[in-house]
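Undergrad: The following block contains the structure, expressed as structure tokens.
The values are calculated or read from the model by the stated rules, or taken from the named source; none is laboratory data. Just so it is clear, the model here is predicted, and its values are computed rather than measured. Glycine gets a Cβ as well: all are built from the backbone with ideal geometry, and neighbour counts include every protein chain shown. Each accessible area value is taken on the protein alone, full model and side chains, heavy atoms only, with ligands, DNA and RNA left out. Shrake-Rupley method; radii C 1.70, N 1.55, O 1.52, S 1.80 Å.
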Amino acid sequence: MNGALVSGTALVAIEVARSVPAWLRVKRTRSGHGISPVSMGVLAGTGPGWIAVAVLAQSVAAAVAGMVWLVFHGLLWREVAKAEHAMNKTIVAATLFSFAAIGLVTIVGLGAGYMEPALGSALVIASACYSLPALYRGMKSPTTTGLSLVSLAVNSVEGAIYFVGGVGMGGITPHGHPVLAYIFFGGLALASNLPRLVRAGARRAMNRDG
């Protein structure tokens with residue numbers, strides 16, 4: 001119980017530690033360079049689904065962390081929308097599409113009696129749909145001005161926590177309770193954030209980005 005409480009508190013703290021710097025970075029620089037509008041939309045649209053998975057996995061910590069993240073993601077969206085007007089339509093379209101897709105899968109899964117596997121599988125696909133565009137945009141964008149180094153580093157740590165919980169090793173989920181969605185989320189978080197962290201860090205070290 002104590003281990004779960006500690007890891008749960010750490011997860012919520014990590015959520016704040018990664019979300020606030022990402023939001024403030026765009027607010028300060030007034031730039032969304034390096035940020036993928038597709039990723040932002042897919043994340044927003046699937047946010048409620050991740051909270052549902054946390055509830056099904058009996059992870060109060062992950063559910064609370066998900067709600068905290070959703071609030072700050074909304075603040076980040078507002079700043080990106082003000083800084084990069086051209087991204088707005090893509091963000092909105094990706095949000096609506098992903099939200100509708102997750103909702104449909106959940107309803108069908110519930111009707112078939114397999115809601116948790118259906119929702120988990122849908123979120124696995126969604127993870128790829130936002131992680132890969134984020135990685136591509138972060139590596140190909142002319143600058144990484146809109147990316148927060150702190151946020152990218154914390155994202156990587158968070159990915160490791162979810163991966164460990166997903167394989168059933170305990171922490172944010174009960175020991176011996178594997179969660180497929182968390183395995184893929186954690187693995188993709190590591191794969192998509194570490195390369196961007198290296199690139200953005202190198203550019204800041206050479207004073208190429210603000």
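Undergrad: For the chain, modelled as a GNM with alpha-carbon contacts under 10 angstrom, which of 125, 91, 183 fluctuates the most?
TA: 125
Undergrad: Given a 1.4 Å probe and every protein chain left where it sits, what share in percent of the accessible area of the chain is carbon and sulfur?
TA: In the chain, the share of accessible area belonging to carbon and sulfur is 74 percent.
Undergrad: Please return the longest range in the chain lying between exposed loop sites, taking trypsin sites (Lys or Arg not before Pro), DSSP loop only, at most 15 other beta-carbon atoms within 10 Å, and leaving the sites out.
TA: 31-207
Undergrad: Considering the convex hull of the alpha carbon atoms of region 24-68, report its projected area averaged over all viewing directions, in nm², one decimal.
TA: Result: 3.7 nm².
Undergrad: Scale the Cα Rg of the chain by the rule-of-thumb value 2.2 N^0.38 Å and send over the ratio, two decimals. Present the calculation step by step, with values, prior to reporting the outcome.
TA: Numbers: Rg = 16.7 Å, N = 210, 2.2 N^0.38 = 16.8 Å.
So the chain has a normalised radius of gyration of 0.99.
Undergrad: Work out the P(r) tail for region 95-185: percent of alpha carbon pairs separated by more than 17 Å, whole number. Numbers along the way, then the final one.
TA: Working: 2517 of 4095 pairs.
That fraction is 61 percent.
Undergrad: Just the Kirkwood number for region 119-171, please: inverse of mean 1/r across all distinct Cα pairs, in Å, one decimal.
TA: Taking the inverse mean of 1/r over all distinct Cα pairs, region 119-171 comes out at 12.9 Å.
Undergrad: On to the next question. Roughly how many Å² is the accessible area per residue of region 39-192, as a whole number, for a 1.4 Å probe?
TA: Normalised by residue count, the accessible surface of region 39-192 is 45 Å².
Undergrad: Then there's this: Please report the Cα spread of region 1-99 along all three principal axes, rounded to whole Å, starting with the longest.
TA: 47, 30, 17
Undergrad: As I understand it, the dipole of the chain uses +1 on the Cβ of Lys and Arg and -1 on the Cβ of Asp and Glu, about the Cα centre. Which of 148, 105, 17 lies farthest toward its positive end?
TA: 148
Undergrad: Here's a follow-up. In Å, what is the Rg of the alpha-carbon atoms in region 41-102, and how long is Dmax?
TA: 12.8, 40
Undergrad: Please give the charge dipole size of the chain, origin at the Cα centre, charges +1 on K and R Cβ atoms and -1 on D and E Cβ atoms. Round to the nearest 20 debye.
TA: 960
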